[in-house]
1. Between VAL188 and ASP24, what length in nm is gained on full extension when 0.36 nm per residue of separation is reduced by their alpha carbon distance?
2. Nearest 10 degrees, 0 to 90: what angle lies between the long axis of helix 125-139 and the longest principal axis of the chain (Cα atoms)?
3. Among LEU170, LEU187, LEU209, which residue has its Cα furthest toward the positive end of the charge dipole of the stretch 167-214, with +1 on Lys/Arg Cβ and -1 on Asp/Glu Cβ?
4. Return the long-range amide H neighbours of LEU74 (sequence gap of 5 or more, or a different chain), with a cut-off of under 5 Å between placed amide H atoms.
5. Taking the Cα centre of the chain as origin, sum charge times position over the Cβ atoms of Lys and Arg (+1) and Asp and Glu (-1), and report the length of that vector in debye to the nearest 20.
6. Which aspartates and glutamates does LYS63 reach when only Cα atoms under 19 Å apart count, and residues fewer than 8 places away in its own chain are ignored?
7. Averaging sequence separations of C-alpha pairs under 8 Å and six or more residues apart, then dividing by the length of the stretch 103-214, give the relative contact order as a whole percent.
8. Which residue fluctuates the most in the chain, going by a Gaussian network model with Cα springs under 10 Å, if the choices are VAL188, VAL161, VAL173?
Amino acid sequence: MHDRDRDQSSVQSEGPVCTGQSLDWSKENGLIPAIIQDASNGRVLMLGYMNRAALAITQASGKVTFFSRSRQRLWTKGESSGNFLRLISITPDCDNDSLLVQALPQGPTCHLQRASCFDQAPANFLAELDQLIATRERERPEASYTTRLFESGLRRIAQKVGEEGVETSLAAVIEDDASLLGEAADLVYHLLVLLRARGLSLSEAVRVLEQRHR
């Protein structure tokens, strides 16, 4: 399985869960606000509104669809631009009057060609770095250190993780905080590369931690 497909299928495992039958449609005249979140890194992408039909179409098509209050009609995000939002899951809040929609954006979400309608919206940087490493593994651009690591093979990558682990341990004992943080960052980066070299991802390692926490 391709790394990108593996990532997306692992996110999809949660699946859409909201049928709409238990939602409170009365507060906004048949509309419910829907917060759209990038399922790969947690960044908030946009806010839209859904009515019953928009929710049903979203569930059936797998493409996030809204009701436009200005145009008074249904619209699927990306129907003009091609920048669709591929549905991963839908979760209602505790009052059943708003939705959290996790999706994978197929291009910029904002009409200003930004990733998010909320400028500088925070994201999970480690998840973004993991995605970048996956892209490097797939495309192998020249003059990239990550490409050179992948080209060196699994054994060499594993050796680098070991070296960085030792250097991190030594820094913790005999060096200052800045040195320790630098070595720790190197260790995390090389560990992400090692996971990718084995066809694994950060999200899968995080899932193991979550299972242990429970």
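1. Values: separation 164, 0.36 × 164 = 59.04 nm, distance 4.41 nm.
Residue separation times 0.36 nm, minus the Cα-Cα distance, leaves 54.6 nm.
2. So the inclination is approximately 80 degrees.
3. LEU209
4. SER68
5. Once rounded to the nearest 20, the dipole reads 1060 debye.
6. Answer for LYS63, where 19 Å is the Cα cut-off: ASP5, ASP7, GLU14, ASP38, GLU79, listed by chain and number.
7. 23
8. So, out of VAL188, VAL161, VAL173, the one fluctuating most is VAL173.
Any read-out appearing in this document is the output of simple, stated calculations on the displayed coordinates, not a laboratory observation. Because the structure is a prediction, the values reported are computed rather than measured. With ideal geometry, Cβ positions are generated from the backbone for all residues, glycine too; neighbour counts draw on all protein chains shown.
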